[in-house]
Every structure is written in structure tokens, then in C-alpha cells.
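Written below as C-alpha cells is the structure these notes are about.
The values are calculated or read from the model by the stated rules, or taken from the named source; none is laboratory data. These numbers come from a predicted model, not from an experiment. Because the Cβ atoms are built from the backbone with ideal geometry, glycine has one as well, and the counts that use them run over all protein chains shown. We work out accessible area using only protein heavy atoms, side chains counted, and drop any ligands, DNA or RNA first. Shrake-Rupley method; radii C 1.70, N 1.55, O 1.52, S 1.80 Å.
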Amino acid sequence: MLKDAFAAAGVEMRPCIRIKRAVILGTTILLGCLTSITAQAASTTPTKMHPGDHKFELPHQGHTRHYVVHVPPGYDGKAPVPVVIMFHGGGGKARGAMEETGWSAKADKENFLAVYPEGLARDPARRASFVANPQSWNDGSQRAIVAASLMNIDDVGFVSAMLDDLGAKFRIDPRRLYATGFSNGASMTFRAGRALSARLAAIAPVAGSDWLDEPTPAQPLSLLYLTGTADPLNPLAGGEITLGAKSAGKKSPVRELIQKWVQMLGCAPEPKTIYDRDGVKGIAYTACHGNAEVVFYTVDGMGHFWPGGMSHLPERVIGKSSNKISATDVIWEFFRKHPKQ
């Protein structure tokens with residue numbers, strides 16, 4: 001009868017292993033022989049999770065994808081919290097993005113979930129390595145250096161599925177879902193903004209290019225873009241990029257990229273200066289559709305770097321670092337101003 005009752009409730013009853021001490025163990029044996037009764041509910045009911053980093057797996061497109069969620073001390077599983085997705089750069093990993101940007105410390109202070117998805121390695125069956133087996137995002141560029149793009153990995157679908165999974169595991173605010181990223185991760189941020197504008201409220205790519213012309217965002221969303229004036233891998237003037245002896249593609253001028261988004265979002269054509277200090281300049285295009293905004297920051301003399309963060313790559317490859325501004329602080333303040341309308 002007990003087995004029939006659990007079957008009717010959709011709970012699998014597995015064979016027990018040597019239950020000779022059933023009398024002594026009592027209900028412990030029963031619990032050990034059953035698939036958790038709450039397993040299905042746990043996948044759809046957000047619960048409180050202890051502060052810190054939690055790694056999750058998600059099957060998608062025949063691959064096992066991964067993402068890390070940093071839970072702040074203030075998260076109680078009851079009040080919905082914002083989400084900031086941070087896409088690592090090409091060859092990077094979630095852990096590296098955490099160390100380089102400081103988003104986890106910001107999440108602890110401001111009480112939001114910092115989410116670090118992992119790109120797919122060139123050979124998914126092998127362990128990822130920056131040089132030998134780099135992880136990347138399908139930014140739509142079809143560049144030889146970006147394996148995920150050549151493999152046509154459905155990273156947009158993965159991000160959408162990850163948002164669904166987050167909603168099942170955590171109490172998140174659907175009006176305050178944001179995405180940012182660096183380099184190849186910045187390009188993935190652009191792509192996510194185009195394809196997932198119905199879900200994302202704002203995006204903030206850093207030192208990357210928008211390689212696509214479509215789709216046009218179905219709903220308005222705000223954009224903050226930040227880059228260095230001396231970035232050898234993301235030059236303001238655009239042009240052919242090389243990384244070592246490999247071509248990293250031909251990029252359009254950054255200002256053309258900004259104008260593309262200004263026009264897509266229907267913003268007023270003349271920007272206003274919002275920041276001009278110590279070589280850092282910021283301009284804003286306002287009066288966009290749906291109260292959206294396009295903000296563009298440049299950091300004078302900075303190379304391929306997350307402002308205010310850190311990098312493990314040599315200066316001879318990426319140029320000079322800069323602490324004149326904290327990208328994480330600036331982006332979070334921008335996100336706070338732009339919930340989903």
C-alpha cells in the first residue's frame with residue numbers, strides 16, 4: 001500500500017540495500033530507500049541558501065553547462081532580489097571573472113545574486129584550459145578564435161534556461177535582471193541583450209564588440225558601454241585585431257557601435273556629458289524608447305582591462321590597467337536606475 005501511495009504521488013521507490021536493521025533504524029531506512037519526496041518541489045520552489053558560492057549544472061543542447069551563484073548574507077529566500085549575470089572573457093572561467101571584477105563583494109553589500117555562467121570549451125569532453133582548451137561564448141562573430149561561435153553553440157538558449165533555473169532555485173526579481181561581461185563576454189552581453197530583451201532590464205558590456213545587426217531588441221533595454229582608449233584588442237577606431245599570431249577578427253569603430261544602439265532604441269541624437277574627471281569621460285543618450293538610456297564611458301590610456309579590477313594577462317598583451325574608475329560600481333549604479341519598465 002505504501003508503495004502504491006508514493007507511486008500515485010509521483011515519487012519513485014527504490015530498492016533498499018540490506019535492511020536487516022529496520023527495527024533499529026525505523027524511518028531512517030524508509031527515507032534512505034526513497035527518492036526525495038521534496039525533490040520535485042525543490043526544483044520549482046525557491047528556498048533560502050546559505051551565503052557564499054554555489055555551483056550548478058544544467059543540461060543544454062547535449063552538453064552539461066555550469067554556472068556559479070554568489071549568494072549574499074542578506075538573502076533570506078523570501079524577498080525577491082536582483083540578478084547580475086557576469087560573462088567571463090574568452091578563455092576565462094567563472095572563478096576568474098569573480099576575482100577580476102569584484103562582483104561578489106558588491107553583491108554582499110547591495111544584496112543581489114551575482115551569477116557567473118561558464119562558456120563552453122573548444123573540446124567539451126576535456127578540462128577547460130586558457131591556452132590548450134579555452135572556454136568561449138557564441139557571440140555571433142564566426143571568428144576562428146571563438147570556438148563556440150564556429151560550433152554554433154546555443155548560448156542564448158543556455159542563458160534563457162539558466163534564468164529559468166535561477167527562478168526555480170532562488171527568489172529573484174523579474175524586473176531587475178541584468179547582464180554584463182568582458183571582452184568575448186561583453187560581445188555575449190550584447191547578443192543576450194538583443195535576444196532576451198523581454199527578460200533583461202539593462203546590459204553593460206565592457207571592452208567588447210557587438211558583432212550582430214539583428215535581432216533588434218523586441219523591448220527597450222538600457223545600455224552602458226565602457227572601454228579604454230588604448231585597448232589593443234578593442235580599438236576605438238576599429239580594424240583588424242590580432243592576439244599573438246592569431247586573428248581575432250575585424251572590429252567596427254566603437255562609436256559606430258554606440259550609434260547603432262542609439263538608433264535602435266530611438267534615443268535623442270545629441271548626448272549630454274555626465275562624467276569628465278581624471279581622464280574618464282561619460283556621455284548619455286536619453287529620451288529613448290521605454291525610458292531606456294545609452295551611456296558610453298571611455299578611460300584614457302587604459303588597455304584591455306576591467307577598470308578598477310585586476311588581470312592575470314601581461315601588459316605587453318593587453319596594455320595598461322587603470323583604477324581611475326570602478327566599472328563594477330559604475331555599472332551597479334546604472335543597473336539600479338533601470339528596472340524593467
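A compact table of results
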item	result
Condition check for SER129: touching a strand residue (DSSP E or B) at 6+ places or on another chain (Cβ under 9 Å), surrounded by fewer than 18 Cβ atoms within 10 Å (Cβ to Cβ), among the polar types (S, T, N, Q) and under 18 Å from LEU313 (Cβ atoms)	yes
Members of region 169-192 found to be of a type outside the set (A, V, I, L, M), touching a strand residue (DSSP E or B) at 6+ places or on another chain (Cβ under 6 Å) and closer than 17 Å to PRO215 by Cα, listed by number	THR189, PHE190
Residue satisfying condition, being at pLDDT below 95 and more than 19 Å from PRO235 (Cβ to Cβ), within set GLN341, GLN263	GLN341
Number of positions in region 237-266 that are out of contact with any Leu (no Cβ under 8 Å at 6 or more places or on another chain), in contact (Cβ under 8 Å) with a residue 24 or more places away in the chain and of a type in the set (Val, Ile, Thr)	2
Subset tally (residues that are out of contact with any strand residue (DSSP E or B) (no Cβ under 6 Å at 6 or more places or on another chain) and either β-branched (Val, Ile, Thr) or in a helix (DSSP H, G or I) (or both)) for region 255-283	7
Set ALA230, ALA287: member being over 23 Å from the mean Cα position of the chain (by Cα), assigned to a loop (DSSP other than H, G, I, E, B) and without any contact (Cβ under 8 Å) to a residue 40 or more places away in the chain	ALA287
Selection from region 214-229 of residues that are in contact with a helix residue (DSSP H, G or I) (Cβ under 8 Å, 6 or more places away or on another chain) and surrounded by fewer than 24 Cβ atoms within 10 Å (Cβ to Cβ)	GLU214, PRO215, THR216, PRO217, GLN219, PRO220, TYR225
Residues that are under 21 Å from GLY208 (Cβ atoms), outside any strand (DSSP E or B) and open to solvent by 20 Å² or more (accessible area, probe 1.4 Å), drawn from region 242-254	GLY244, SER252, PRO253
Flag if GLY140 is under 21 Å from SER209 (Cβ atoms), in a loop (DSSP other than H, G, I, E, B), touching a strand residue (DSSP E or B) at 6+ places or on another chain (Cβ under 9 Å) and open to solvent by less than 50 Å² (accessible area, probe 1.4 Å)	no
Some residue of region 133-143 being of a type in the set (S, T, N, Q), at negative phi and in contact (Cβ under 8 Å) with a residue 60 or more places away in the chain	yes
Which numbered condition GLY308 fails, given (1) modelled with pLDDT of 95 or more; (2) in a loop (DSSP other than H, G, I, E, B); (3) on the phi < 0 side of the Ramachandran plot; (4) open to solvent by less than 50 Å² (accessible area, probe 1.4 Å)	(3)
Scan of region 45-75 for residues that are crowded, with 16+ Cβ neighbours inside 10 Å and free of Cβ contacts under 8 Å to residues at least 12 places away in the same chain, ordered by number	none
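This table checks each residue for (1) under 23 Å from SER136 (Cβ atoms); (2) modelled with pLDDT of 95 or more; (3) part of a loop (DSSP other than H, G, I, E, B).
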site	(1), (2), (3)
ARG175	no, yes, no
GLY185	yes, yes, no
ILE203	yes, yes, no
PRO220	no, yes, yes
LEU223	yes, yes, no
